[in-house]
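Engineer: Structure provided below as structure tokens; questions to follow.
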Amino acid sequence: MAQATFSIRMDEDLKRQFDMLCADFGMNATTAFNVFARAVVRERRIPFEIHASAESDRTAGMAAFMALRAEAKANGLQDMSLEEINEEIRKARIGEFDK
């Protein structure tokens, strides 16, 4: 099989740490990347979970908002005025609902 060169840029400190860890595993970085590439092709997915925290937080926030919106609609509260919403928030902040 013909060989191809694959070049990547990486933070110098990260590369040093990666090289050291690969050596602990008894391989070099090229072998480690080949193992990774073979796993991706074999499994047809990235073989570990990837999180994009900012987008994940936004997605989770939007999901929570939509769930609250659906709950408000189910309880007949979707037509509250801004003043009514702010009053609900004020009461929640001072703990008036707990009394």
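Engineer: Which angle from 0 to 90°, rounded to the nearest 10, does the C-alpha axis of helix 29-43 make with the longest principal axis of the chain?
Structural biologist: Compared with the principal axis, the helix lies near 60 degrees.
Engineer: Can you tell me the accessible area per residue over the chain, all protein chains present, probe 1.4 angstrom, in square angstrom?
Structural biologist: On the way: 9290 Å² over 99 residues.
Each residue of the chain exposes 94 Å² on average to a 1.4 Å probe.
Engineer: Please give the length that would be gained between ILE8 and VAL35 if that part of the chain were fully extended, namely 0.36 nm times their separation in residues minus their C-alpha to C-alpha distance (nm, one decimal).
Structural biologist: Numbers: separation 27, 0.36 × 27 = 9.72 nm, distance 1.61 nm.
Gain in length upon complete extension: 8.1 nm.
Engineer: Where the accessible area of the chain is counted over protein heavy atoms with a 1.4 Å probe, how much of it, in %, is carbon and sulfur?
Structural biologist: Using a 1.4 Å probe with all protein chains present, the chain comes out at 57 percent carbon and sulfur.
Engineer: A further question follows. Any idea what angle helix 53-74 forms with the longest principal axis of the chain, computed on alpha-carbon atoms, 0 to 90 degrees, nearest 10?
Structural biologist: 30 degrees
Engineer: From the helices alone, meaning DSSP H stretches of at least four residues, give me the mean residue ellipticity at 222 nm for the chain, per-run term -39500 (n - 2.57), in deg cm²/dmol to the nearest 500. Spell out each step's value before the answer.
Structural biologist: Values: 4 runs with 63 residues, N = 99.
That calculation yields -21000 deg cm²/dmol at 222 nm.
Engineer: Scan [x] 16.7, 60; [y] 17.1, 57; [z] 25.8, 76 for the value of Rg and Dmax of the Cα atoms in Å calculated from this model and give just the label.
Structural biologist: [z]
The values are calculated or read from the model by the stated rules, or taken from the named source; none is laboratory data. This structure is a prediction, so every number in the text was calculated from the model and none was measured. Surface areas here come from the heavy atoms of the whole protein model, side chains and all, with no ligands, DNA or RNA. Shrake-Rupley method; radii C 1.70, N 1.55, O 1.52, S 1.80 Å.
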